Structure formats: C-alpha cells, structure tokens
1. Mind checking the log10 I(q)/I(0) for segment 168-227 at q = 0.29, 0.30 Å⁻¹? Debye, one equal scatterer per Cα, no solvent, two decimals.
2. Any of K127/K168; K93/K239; K16/K36; K93/K202; K93/K252 with alpha carbons more than 29 Å apart? Name them for me.
3. What full-extension length gain, to one decimal in nm, is calculated for K127 and E44 as 0.36 nm per residue of separation minus the Cα-Cα distance?
4. If I take R0 = 45 Å and measure r between the Cβ atoms of A117 and K15 in this structure, what FRET efficiency does the formula 1/(1 + (r/R0)^6) give, to the nearest 0.05?
5. On the Cα set of segment 180-265, report Rg and Dmax in Å, please.
6. Taking R0 as 22 Å, what's the FRET efficiency between M262 and S190 from their Cβ-Cβ distance, rounded to 0.05?
7. Provide the net charge surrounding S4, with neighbours chosen by a C-beta distance below 10 Å and charges set as Lys +1, Arg +1, Asp -1, Glu -1.
8. How high is the FRET efficiency between S87 and T238 when r is their beta carbon distance and R₀ equals 22 Å, given to the nearest 0.05?
Amino acid sequence: MIISSLRIRNYPEDKKGDFPWTLPLIQNFDELEFEKNISFFVGENGSGKSTILEAIAAYAEVPLAGSHRLEDDPSLEAADELANYLSIRYQNKSHHGFFVRAEDFIGFARKIKEDIAELDKEIEEVKESFTGGDIKLTLGAIEGEKNSLIQRYSKDLEAMSHGEGFLKFFTSRITAKGLYLIDEPEAALSPTRQLSLLSLIKEKVEKTGSHFIIATHSPIIMSIPNSEVFYFQDDKITKIDYRETEHFLLTKSILDNPDNVMREL
C-alpha cells in the first residue's frame, strides 16, 4: 500500500462554523487505518466521503486529472483547507498517481484535444517557414510528441462514448505503482464498463502494488475481492462488508422483488 493511515491533527477551534468543519463526521474524526490496496469510501451524499478523498489528494499533492491544477480548482478550496490539518502515514511513498472525478474527464479530454491541435499548428508553421536542411529532423520532436499523445489517449477522446473514453483514460494513466484517488467513477460507466474498470484495477494492484481509494455508490464497484469498505454514516466511519451497505441491500431488494418495492414507495 501507499498510505497506511490518516487522521486529523490540531483541530482548529476557530473554524467550527466553516465547511468542512461543520460536518459531524469531521468533528468526530479519529483515524483511518488502511489494510488493503483497494479501499472504498461509501455513504450518502453529504456524508463527507468526497471531502476526505479530496483532502487526501491535496495533502499527497497528486495531480488533478482535468483542466485545472488541484490547487487552482475553486471547488476544492474546502478540501485544500482540510488537508492542512491532516496527518498521513505512508507505507510506501510514490510520485505516481492522480485524483479524478467523473466530471474532470471532460476537461481532460478537451485539454488533450487542444494540445494535439496546438502541435498540428506548430507543425504547419514549421513547414511554412522552413528554408533549408532536413525538415524531418526539425519536425521529428513535434510529431513525436503528437503521436505519443494520440497513441496514449487516441486522437479525440471526446469523440468516444463517455464510458469508453473514461476507461481509455484509466488504461493510459495507471501505468506504475502509485496512489490513485477516484470519486464516483460509476457516473460515467455502464455496469459492463464498471466490471472492465474492476478488472483493470485488480490487474494493476497485482502487477504494481498500487493503492486505490475510491468513493462510490455502486455495489458492482465495491464488490471487488480483497478490498475494504469504509462506511461513512452520521458522525462516524466504520469498516463493514460491502454486503452490509445500504447500497447493496437496497439494490438486491429491488432486483429480487421490484413489484413489492414499488408498492411500498
């Protein structure tokens, strides 16, 4: 694993009225101890799971996969503030990894498209202004950079379906042992592609020993073997089996007997 534990230190008494300190879970936060390379944060919206995940990203200084740098994204100001009061114990430090939310992928795809367009423009400018010698040598580095982007991400991630492009992003970016923080990937993935993501994560953990911390509502995603579930509920976090989560129980109840569930609504 990359991270073995985290806790909040030096709780700022003068910030009690400010978010995220207003969250009961943050006020009562003790310590999280990680025992698996795949860790899930599970709970209702507003429970604090995404805030903790974002704060880990800010503390660990992993890059944000999107059009902003993590420290420049206004939606992450509260997480950046919380990160100042985190204490994280590392088992293995790594410079690899990223933090991604489903909505960040659109910005990332557009940035890759813009980078390729800029390289195309640079290639045309070189061709128009070249006066002598071997133009292949001059264009080699630019075309090499462009071809590397296309080979890694495809020419146009935006032209793919959201799920297809999202999976292409994961395949291209998870290349070495690192800390990978993912917030609600199911928002961009069909059930079949969720299984493809699980297969990719399982492969990367086995081959590289990477650490994945994932906030999710999906019973499919949290079902991956040899993982751990941190359940965020009210003012505490507990470790439970994914079969004990409300997400699993409710989904199973609906699938087992949808007519009864609809009558009770």
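1. -1.56, -1.63
2. K127/K168; K16/K36; K93/K252
3. 24.3 nm
4. That pair, A117 with K15, gives E of 0.55.
5. Calculated on Cα positions, Rg and Dmax stand at 14.6, 49 Å.
6. 0.40
7. It works out to a net charge of -1.
8. It comes to 0.60.
Any read-out appearing in this document is the output of simple, stated calculations on the displayed coordinates, not a laboratory observation. Computed from a predicted structure; not experimentally measured. So basically every Cβ, Gly included, is an ideal-geometry build from the backbone, and we count neighbours across all protein chains shown.
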